[in-house]
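Notes for the one structure printed next.
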Amino acid sequence: MTLFLEPRTVAEAVACFRDHPEARCMSGGATLVAMMNAGLADPPAVVSLRRIAELVGIAPAADGWTKIGGMTPHRVTAAETRLAGGQAIVRLAAGRIANPPVRNMGTIGGSISFSDPAADYPAALVAADAEIEVVGSGGGRRIAAQDFFVDWYTTALEPGEIVVAVHLPPAPRAAAAYEKLVKTEGDMGIATVAAVVEMDRGACSDLRVAVGACGPHPVRLRESESDLIGGRLDADAVARLASRLAEALDPVDDVRASSDYRRKVVPRMVARAIATARARAEGEQ
Amino acid sequence: MRGDEGMTTVALRINGVEHSVAADGRRTLLEVLRDELGLTGAKRGCNQGVCGACTVLLDGRPVRACLSLAAACAGHEITTVEGLTEGNELTPVQQAFVEHGAVQCGFCTPGMVLTATALLKENPKPNVAEVRTALSGNLCRCSGYRKIVDAVVAAGGAR
Ligand SMILES: Cc1cc2nc3c(=O)[nH]c(=O)nc-3n(C[C@H](O)[C@H](O)[C@H](O)COP(=O)(O)OP(=O)(O)OC[C@H]3O[C@@H](n4cnc5c(N)ncnc54)[C@H](O)[C@@H]3O)c2cc1C
Ligand code: FES
Ligand code: FES
């Protein structure tokens with residue numbers, strides 16, 4: 001028997017986990033129900049977040065930050081043109097997830113809570129310098145995306161905590177590019193690269209690059225990035241960052257590609273993502 | 001909504017008709033449709049969200065019935081292939097599938113037809129690329145896709 005609970009508020013949802021500590025949270029259900037169908041999960045209770053109105057939608061704030069509610073489906077995020085500048089990285093990643101029916105079901109809160117390293121949001125959120133807002137019985141807190149994705153399928157969420165929103169800092173003069181290498185369109189990535197670039201009269205004034213699907217969590221090297229700030233993003237400098245990123249990866253051999261292959265393609269993907277983001281930042285497209 | 005021992009009574013609106021079904025919290029919409037209501041148009045392929053054979057429309061948008069808990073579908077309008085027309089009439093999409101020979105074994109057909117129907121509502125004259133993108137989550141093991149794509153493009157009247 002599985003109890004089906006439909007709290008109307010975040011506070012009610014948190015209370016559900018006090019009453020049913022073994023319960024599983026459900027957002028879109030596209031992963032949770034698949035696991036239940038496969039016998040990999042058999043929760044005594046499912047806490048559906050579907051009826052919590054405050055969790056849905058994308059809202060720009062006056063200070064330039066943008067809030068994406070945890071229950072916002074990928075379809076909505078992929079179409080949200082207000083996710084512009086550097087924030088566009090999240091829209092671009094959302095548009096590459098699976099296929100239209102799965103984008104109708106899956107949500108940003110569910111995706112990042114499950115934290116599949118091959119999923120599209122983790123690298124995008126790390127490159128966006130996003131903060132994840134979570135609420136539990138002890139109250140709410142915000143976690144930097146970089147600290148949220150801890151290990152294979154493991155996040156910084158404590159038991160009973162739920163993701164309620166993702167917050168993106170402003171980056172109006174930056175531009176973004178997302179590279180996803182797939183065996184077939186709609187599949188999880190062999191490797192993904194999320195890049196945010198800001199240029200100021202030919203010099204790089206902001207650079208953030210995260211690599212996904214190549215280890216337990218996205219990889220970003222802030223120190224190596226800062227070596228490029230103030231410079232002209234010439235090919236050598238970009239290649240140095242790209243090869244340091246490739247060295248920092250911990251890719252596996254799996255059904256999609258070998259570990260060696262991933263290390264080989266990532267530097268090229270990094271260079272391409274930076275070049276595309278730069279061209280967009282400089283208004284070439 | 002919650003009854004004894006986890007059994008829920010769920011009110012589902014399917015093809016315009018209200019159904020009251022008893023469902024354990026883990027029961028999927030696909031199980032309710034096929035096993036309880038005899039609506040076998042939605043097929044059970046992978047039961048993992050991958051193949052699209054179980055596609056139904058939820059408030060007009062294609063979703064996986066195999067990944068939808070029935071209890072979570074209350075309050076939404078569900079459309080299965082059985083609900084597209086009354087009697088023996090065919091919709092323009094169905095007619096185009098017949099005319100283009102887009103049906104072989106038929107297992108993928110209900111999901112294809114529903115996904116295409118939703119596409120044409122949003123984008124009445126899609127081109128080949130748009131049709132391919134929209135149908136990219138629906139697998140067909142027989143046709144090679146060509147005739148299905150042709151049928152949907154023709155149903156939209158483009159080119
Ligand atoms: C065929 C298929 C292809 C896919 N391809 C891709 C792809 O290419 N790229 C990609 O990124 N993803 C892909 N996905 C994953 C999908 O897009 C969703 O991101 C995924 O299903 C999780 O989102 P959900 O809302 O469905 O989460 P759910 O299934 O509802 O939940 C997932 C997990 O997170 C927990 N959880 C849910 N919500 C919360 C919350 N708010 N707080 C705390 N815990 C929570 C649940 O208990 C569960 O363990 C694919 C899925 C399918 C079925
Ligand atoms: S049976 Fe639902 S997607 Fe395959
Ligand atoms: S016609 Fe047989 S699977 Fe498509």
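What to note about this one:
- For segment B:136-159, a residue qualifies if it is within 14 Å of chain A (Cβ to nearest Cβ) and closer than 18 Å to B:LEU84 by Cα, and exactly one does: B:VAL152.
- Set A:ARG103, A:ARG91: member being of a type in the set (D, E, K, R), within 14 Å of another protein chain (Cβ to nearest Cβ) and either within 16 Å of ligand 3 (Cβ to nearest atom) or in contact with a helix residue (DSSP H, G or I) (Cβ under 7 Å, 6 or more places away or on another chain) (or both): A:ARG103
- The numbered conditions (1) more than 8 Å from every other protein chain (Cβ to nearest Cβ); (2) within 20 Å of A:VAL166 (Cα to Cα) are all true for A:ARG50 except (1).
- Residue within segment B:43-58 that is more than 16 Å from ligand 3 (Cβ to nearest atom) and more than 14 Å from chain A (Cβ to nearest Cβ) present: no
- Residue count for segment B:53-109 satisfying the condition of being among the polar types (S, T, N, Q), within 20 Å of B:ARG141 (Cβ to Cβ) and assigned to a strand (DSSP E or B): 1.
- Every test in (1) small (Gly, Ala, Ser); (2) at pLDDT below 95; (3) within 15 Å of the chain's Cα centre (by Cα) is passed by B:GLY60 save one, and that test is (2).
- Condition check for A:VAL134: in a strand (DSSP E or B), more than 14 Å from chain B (Cβ to nearest Cβ), closer than 23 Å to A:VAL266 by Cβ and in contact (Cβ under 8 Å) with a residue 12 or more places away in the chain: no
- Residue satisfying all of: in segment B:16-42; touching a residue at least 24 places away in the same chain (Cβ under 8 Å) and within 16 Å of ligand 3 (Cβ to nearest atom); surrounded by the fewest Cβ atoms within 10 Å (Cβ to Cβ) among these: B:GLY41
- Selection from segment A:99-119 of residues that are in a loop (DSSP other than H, G, I, E, B) and within 14 Å of the chain's Cα centre (by Cα): A:GLY106, A:SER115, A:ASP116, A:PRO117, A:ALA118, A:ALA119
- The residues of segment A:130-164 that are surrounded by 15 or more Cβ atoms within 10 Å (Cβ to Cβ) and either over 23 Å from A:ASP120 (Cα atoms) or more than 13 Å from ligand 1 (Cβ to nearest atom) (or both), listed by number, are A:ALA130, A:GLU131, A:VAL135, A:GLY136, A:ALA145, A:GLN146, A:GLY160.
- Residues being surrounded by 20 or more Cβ atoms within 10 Å (Cβ to Cβ) and within 16 Å of ligand 2 (Cβ to nearest atom) - total across segment B:83-111: 4
- Note on segment A:20-43: residues that are outside any strand (DSSP E or B) and either within 13 Å of B:ALA72 (Cβ to Cβ) or within 9 Å of ligand 1 (Cβ to nearest atom) (or both) amount to 13.
- Among the residues listed as A:THR81, A:THR9, A:THR77, A:THR72, the single one being in contact (Cβ under 8 Å) with a residue 24 or more places away in the chain, away from chain B (no Cβ under 12 Å), of a type in the set (S, T, N, Q) and surrounded by fewer than 20 Cβ atoms within 10 Å (Cβ to Cβ): A:THR9
The values are calculated or read from the model by the stated rules, or taken from the named source; none is laboratory data. No experiment lies behind these values; they were computed from the predicted model shown. Positions of Cβ are generated from backbone atoms using ideal geometry, with glycine treated the same way; all protein chains shown enter the neighbour counts.
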